[in-house]
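Please treat every number below as a calculation from the coordinates, not as lab data. Being a predicted model, the structure only gives us computed values, none of them experimental. Cβ: placed from backbone, ideal geometry, glycine included. Neighbour counts: every protein chain shown.
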């Protein structure tokens, strides 16, 4: 099978990008794989020699006629059996072209969307959580496939009592609510390490200094080995206002590291209720995190079911199997998902 991936982000490495790279790498081991993405990402494909990378400039407007025509000609040249689009920007561009391509198509939705119109022309929609899938309840062919990850074979989970540290991972952007997490830490007597870079670093640094938390809260910046950082902690905190997966949740659960998180993405599908935070408000975060840290022995017991479910559902192999099964059905039965028309067209832009 000849598979084409299209990813529309223009910089940065987050959950969407990691997911796309991992999936294309696995598929390239048995199939011919092409990948259209911004030129910024070409360096990452030097480690994926079996994937044919096509560099374009996705920093241009998604409605630029010349850019859309260039993408169209590139797809016609590749002639894939199926096209798999990652994220909203790429979905909007490819949805314009689909009526002229006559190719089986699937789109992965990585977060909550308000405007659904661009997705109606795809034969199938993959949601990275049931929460995201529920947003597309009016579409016909929607599948929940969790973002899977692969742990190194030598990964070792130390005893939970050996690291007195809590970690949070993500871009330093407003959606992650790290400011609320830092405010919550005024009354928590534990080291907190926030791993990631982003536009809010100056503001968060100033907040830490203003609250006098320099001895408890550190901004560690970008780290190459996120798994090692999570593994060397007693607890992962996800304080986000919204998320798609997030992948960091899968990483923690597969490492058997407990998590306290706001109710975003697939959190409600994997975490015990006592560890799901009511909101990203600092007081709610403080109460849930402090309760977890005060009962570390119980924490491990409470998460046994979550760890077992994660082993079954959140592996990279599981993601590959479910995704390729969908590809196979769409290519073999080309009318299976044509098209994802909505039952109520007046709800498209809600």
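Can you compute the helix-only [θ] at 222 nm over the chain? Use -39500 (n - 2.57) per DSSP H run of at least 4 residues, normalise by all residues, nearest 500 deg cm²/dmol. Don't skip to the answer; put the middle values down first.
Values: 13 runs with 129 residues, N = 350.
-11000 deg cm²/dmol, from helical runs alone.
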What spacing in nm lies between the two simple spin-label points modelled at residue 66 and residue 222, each 7 Å away from Cα in the Cβ direction?
3.0
Would any residue of the range 224-251 have its amide N under 16 Å from a label point 7 Å out along Cα→Cβ of residue 322? List them or say none.
244-251
Taking R0 as 30 Å, what FRET efficiency do you get between residue 312 and residue 143 from their Cβ-Cβ distance, rounded to the nearest 0.05?
0.95
Between 0 and 90°, nearest 10: helix 15-28 axis offset from the chain longest Cα axis
50
P(r) histogram, all alpha-carbon pairs of the range 53-125 included - 5 Å bins from 0, percent:
3, 15, 30, 26, 20, 6, 1
Find how much the distance from residue 241 to residue 298 grows on full extension, using 0.36 nm per residue of separation minus their present alpha carbon separation; answer in nm with one decimal.
17.8 nm
Order of 302, 294 from fewest to most other C-beta atoms within 10 Å?
294, 302
Springs between alpha-carbon pairs under 10 angstrom, Gaussian network model over the chain: which of 130, 86, 298 fluctuates most?
298
What is the angle, in °, between the Cα long axis of helix 304-313 and the longest principal axis of the Cα atoms in the chain? Nearest 10 is fine, range 0 to 90.
20
Most exposed first by the Cβ proxy, i.e. fewest other Cβ within 10 Å, how do 189, 38 rank?
189, 38
Multiply the residue gap between residue 39 and residue 283 by 0.36 nm, knock off their C-alpha separation, and tell me the result in nm, one decimal place.
83.5 nm
Using a Förster distance of 56 Å, the FRET efficiency for residue 335-residue 59 (Cβ separation, nearest 0.05)
0.95
Taking Cα pairs closer than 8 Å and at least 6 residues apart, the relative contact order of the chain in percent is 18
Subtracting the Cα-Cα distance from 0.36 nm times the residue separation, let me have the gained length for residue 273 to residue 50 in nm, one decimal.
76.0 nm
Counting all C-alpha pairs of the range 160-313, share separated by more than 25 Å (%)
20
Using the basic label-point model (7 angstrom from Cα toward the beta carbon), what is the residue 215 to residue 163 distance in nanometres?
2.4
Can you give me the C-alpha center-to-center distance between the range 41-79 and the range 116-142, rounded to a whole angstrom?
24
Could you tell me how many degrees, from 0 to 90 and to the nearest 10, lie between the Cα long axis of helix 316-332 and the main elongation axis, the longest principal axis, of the Cα atoms of the chain?
20
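Could you state the orientation-averaged shadow area of the convex hull built on the Cα atoms of the chain, in nm² to one decimal?
Dividing the Cα hull surface by four gives the mean projection, 17.7 nm².
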Taking every pair of distinct Cα atoms and averaging 1/r, then inverting, what Kirkwood hydrodynamic radius in Å comes out for the range 1-141?
15.2
Between residue 81 and residue 186, what is the spin-label point distance in nm, taking each point 7 Å from the Cα along the Cα→C-beta axis?
6.0
